[in-house]
Amino acid sequence: MTGKTLDVITIGRAGVDLYGSQVGGRLEDMGSFDKYIGGSPTNMACGTARLGLKSGLISRVGDEHMGRFILEELQRHGVNVSGVKTDPERLTALVILGIRDEEQFPLIFYRENCADMALCEDDIDADFIRSARSVVATGTHLSHPKTEKAVLKALRIARESGLKTALDIDYRPNLWGVAGHGDGESRFVASQKVTSKLQETLHYFDVIVGTEEEFHIAGGSTDTLTALRAVRQVSKATLVCKRGPMGAAAFEGAIPDDLDQGVSGPGFPIEVFNVLGAGDGFMSGLLKGWLDGEDWPVTLKYANACGAFAVSRHGCTPAYPSWQELQFFFKRGVVRKDLRNDTALEQIHWASNRHGDWSSVRTFAFDHRVQLEQMDGYTLEKAGRFKELCMDAALRVQDGRSGYGILCDNRIGRSALHRASGSGLWIGRPTELPGSRPIELEPELGPDCGQLKEWARENVVKLLVFCHPEDDDETRQQQEQTVQRLFTAARRNRLEFLLEIIPSKVGHVDNHTNAKLIRQFYAAGVYPDWWKLEPSVSAEAWQQTINAIEENDPNTRGIVVLGLDAPEEELAASFDVAAGFPLVKGFAVGRTIFGDAARAWLKGEMNDTAAVDQMAERFARLSMLWDTARAKAEWPHNQGGL
């Protein structure tokens, strides 16, 4: 279809999953939870977006923190939220769940009068429906007259407009009122009422997907073949029956005498860790193949693989693969059956699913501690107040635009750091004990770096290491072990990691110094999301550096150039060279911006307004210098052959 802005719109549940962090225990004994978006349609919207489809969601969320979390997370995934209404009267649905073992997953739905179950016909915009190539419904929203009317309206518009339609039966007995609150993990309770209701709608669909148990409820029989034939009597849809470790079978016409006679795709022998959300992962892969026009064996290959990723990881949406990750998996194959412990695969999963566009990062670095402590007039209270002024200057320059950031510490700048959360700024936070070599970490992190659990998820873990390729073995080993420990803890807490290396303070540097250090850290198993490197006017040095990064990690976020208190003229010259390399995303400069203001303000020789004005002017000027350098570097490319 031409003129379509979306590939798929899903309709139905939108909630927040609170996943027990402890695996193997009872839900009663869970001590902490990880928060993810959830609900089958929401999971599928995100899962298909990760695979490169343009997806949208129709649902409702509450006018509160959890509802805003869902909207923001959907947008971070690139999902169109035009069809998601904010309900001022109802709360967002919640699910509390855990992983006991590969068979048991205790689950409680908090969905009494929740926002998404208030979806009504008025929420269905015909133009929005027609903007897509397909519409996908799920079973839960057929369980209530009000939501059923909304779904049927969307399906009628879709059919009249020539859109493709699909149903994930997604049977949850307690959401249909045929099982109790404590039976959230139940997947099948026979009910003629549910069977009749489903069969009234099955003719709307081109594809119907379900497990054997879900086809049992749709077909009114616990014999799978009998159930499939009953569904076939009321629907011409392709029926896709999921069979767990045996993969799936698609039936386009008459139902044969054996499930094995259906069309199948290759399966993947992996370890089952968490079955929750596997069906939504499967459906995401299926929709990718189906909407791309692949045949059923290829489509089911996509679906089986996405389901395999889901059952091998913690959480639902966070487990689903990107298209890049899926292609890597197909090319390389299964190396470890416990996919979550496959280092190469997990690195691609992490790197290809990061959120945010940080193609440009103009950063005001005021994470300095020792430099302020050594200034005349310093007190902890005054320095904290000064960092608030730094934050004022950063926000003035940012002015709500993307591509700006700060580096701020928690020791002196805590109030400014916390204030930055939610501002749209890129936020780096230091962890090193200033001046230490071999590197030591700030004591507040704890010996196991456990404090990272308390960090805001938008904080980037930043570590400065004074190192050199000619370091003695003991120093190098000690520093690499510390970096690796912090990197591992950051990744475990889903925090991005920035590694700053400064060899010039240790020994002589040449065009190959940074490249040698970078290769050493990759060899030690450290894969920074960001590198922060010294300024250089040598194009050869930059090229060697970038070669070292890209040969080890083509998915890195990029490089920011540090300042080292250099005069503006020197920084401008280094920007002119660095901006010619796309992997260099911007700068992180501190004392060049705040040094003069800090010295004067701490001694009482400059007031707040003057300090903010001076720092904002310098930060803005450096940003302009960077943007100009980047524009000059890109100009020949942008002109093409002219």
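The values are calculated or read from the model by the stated rules, or taken from the named source; none is laboratory data. Keep in mind it's a predicted model, so treat the numbers as computed, not measured. Virtual Cβ from ideal backbone geometry, glycine too; neighbours counted across all protein chains shown. All accessible areas refer to the heavy atoms of the entire protein, side chains included, with ligands and DNA or RNA removed. Shrake-Rupley method; radii C 1.70, N 1.55, O 1.52, S 1.80 Å.
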- Message: Can you list residue pairs whose Cβ atoms sit under 6 Å apart, with the first residue in segment 450-469 being open to solvent by 30 Å² or more (accessible area, probe 1.4 Å) and the second being among the polar types (S, T, N, Q)? Count only pairs 6 or more apart in sequence or on different chains.
- Response: 453/493; 456/421
- Do any helices (runs of 4 or more DSSP H) lying entirely in segment 316-389 carry at least 1 residues that are in contact with a Ser or Thr (Cβ under 9 Å, 6 or more places away or on another chain), and which ones are they? 323-332, 343-352
- One residue from 81, 8, 23 being of a type in the set (A, V, I, L, M) and crowded, with 24+ Cβ neighbours inside 10 Å: 8
- Name the single residue, out of those in segment 474-493 being under 18 Å from residue 558 (Cα atoms) and without any contact (Cβ under 8 Å) to a residue 60 or more places away in the chain, that is least open to solvent (accessible area, probe 1.4 Å). 490
- Restricting segment 286-317 to residues that are within 17 Å of residue 334 (Cβ to Cβ) and among the basic types (Lys, Arg), which is least open to solvent (accessible area, probe 1.4 Å)? 313
- Message: Consider segment 26-36. How many of its residues are under 16 Å from residue 103 (Cα atoms) and either among the β-branched types (Val, Ile, Thr) or exposed (fewer than 15 other Cβ atoms within 10 Å of the Cβ) (or both)?
- Response: 1
- Qualifying residues in segment 412-430 (those that are in a loop (DSSP other than H, G, I, E, B) and either in contact with a helix residue (DSSP H, G or I) (Cβ under 8 Å, 6 or more places away or on another chain) or among the aromatic types (Phe, Trp, Tyr) (or both)) - the one nearest to residue 460 (Cα to Cα): 425
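Yes or no, residue by residue, for (1) of a type outside the set (Lys, Arg); (2) without any contact (Cβ under 8 Å) to a residue 40 or more places away in the chain; (3) in contact with a strand residue (DSSP E or B) (Cβ under 7 Å, 6 or more places away or on another chain):
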| site | (1), (2), (3) |
| --- | --- |
| 293 | yes, yes, no |
| 298 | yes, yes, no |
| 306 | yes, no, no |
| 317 | yes, no, yes |
| 320 | yes, no, no |
| 325 | yes, yes, no |
| 335 | yes, yes, no |
- Task: Kindly indicate whether any position in segment 265-274 is in contact with a Leu (Cβ under 9 Å, 6 or more places away or on another chain), in contact (Cβ under 8 Å) with a residue 12 or more places away in the chain and open to solvent by less than 20 Å² (accessible area, probe 1.4 Å).
- Result: yes
- Note on the structure: Those residues of segment 156-203 which are at pLDDT 95 or above and in contact with a Ser or Thr (Cβ under 6 Å, 6 or more places away or on another chain) amount to 158, 163, 164, 168, 202, 203
- Item | Residue selected from segment 390-411 under the condition in contact with a strand residue (DSSP E or B) (Cβ under 8 Å, 6 or more places away or on another chain) and in a loop (DSSP other than H, G, I, E, B), by the criterion farthest from residue 563 (Cα to Cα) | 410
- Selection count where residues are crowded, with 24+ Cβ neighbours inside 10 Å and among the aromatic types (Phe, Trp, Tyr), scope segment 364-385: 2
- helices (runs of 4 or more DSSP H) wholly in segment 186-296 with at least 3 residues that are over 19 Å from residue 8 (Cβ atoms) - which ones? 192-199, 212-219, 224-234
- Yes/no for residue 567 being open to solvent by 40 Å² or more (accessible area, probe 1.4 Å), without any contact (Cβ under 8 Å) to a residue 40 or more places away in the chain, of a type outside the set (Asp, Glu) and more than 18 Å from residue 522 (Cβ to Cβ): yes
- Residues of segment 431-444 being assigned to a loop (DSSP other than H, G, I, E, B) and not charged (D, E, K, R), in sequence order, are 431, 433, 434, 435, 436, 438, 439
- Inter-residue pairs, beta-carbon under 8 Å, first within 12 Å of residue 12 (Cα to Cα) and in segment 114-125, second part of a helix (DSSP H, G or I) and open to solvent by 10 Å² or more (accessible area, probe 1.4 Å), 6+ apart: 117/146; 118/146; 119/146; 120/146; 120/149; 124/153; 124/157
- Task: Take the residues in segment 102-126 that are among the acidic types (Asp, Glu) and open to solvent by less than 60 Å² (accessible area, probe 1.4 Å), then tell me which one is nearest to residue 160 (Cα to Cα).
- Result: 123
- Task: Given the conditions (1) free of Cβ contacts under 8 Å to residues at least 12 places away in the same chain; (2) surrounded by 20 or more Cβ atoms within 10 Å (Cβ to Cβ), report the number of the one that residue 425 does not fulfil.
- Result: (1)
- Item | Every residue from segment 127-172 that is farther than 25 Å from residue 188 by Cα, open to solvent by 10 Å² or more (accessible area, probe 1.4 Å) and small (Gly, Ala, Ser) | 131, 161, 162
- Task: Those residues that are open to solvent by 30 Å² or more (accessible area, probe 1.4 Å), farther than 13 Å from residue 207 by Cβ and either modelled with pLDDT of 90 or more or not small (Gly, Ala, Ser) (or both), I need them from segment 238-262; list them, please.
- Result: 243, 245, 246, 253, 254, 257, 258, 260, 261
- open to solvent by less than 30 Å² (accessible area, probe 1.4 Å) and touching a helix residue (DSSP H, G or I) at 6+ places or on another chain (Cβ under 6 Å), is that true of residue 224? yes
- Query: So which of 479, 451, 484 is under 24 Å from the mean Cα position of the chain (by Cα), over 26 Å from residue 586 (Cα atoms) and part of a helix (DSSP H, G or I)?
  - Reply: 451
- Test each condition in (1) over 35 Å from the mean Cα position of the chain (by Cα); (2) among the β-branched types (Val, Ile, Thr); (3) open to solvent by less than 10 Å² (accessible area, probe 1.4 Å); (4) over 30 Å from residue 110 (Cβ atoms) for residue 234 and report the one that comes out false. (3)
- Flag for residue 455 being at negative phi, among the hydrophobic types (A, V, I, L, M, F, W, C) and out of contact with any strand residue (DSSP E or B) (no Cβ under 6 Å at 6 or more places or on another chain): yes
- Message: Where the second residue is modelled with pLDDT of 95 or more and charged (D, E, K, R) and the first is open to solvent by 10 Å² or more (accessible area, probe 1.4 Å) and lies in segment 205-221, which pairs have Cβ atoms under 6 Å and are six or more apart or on separate chains?
- Response: 206/164
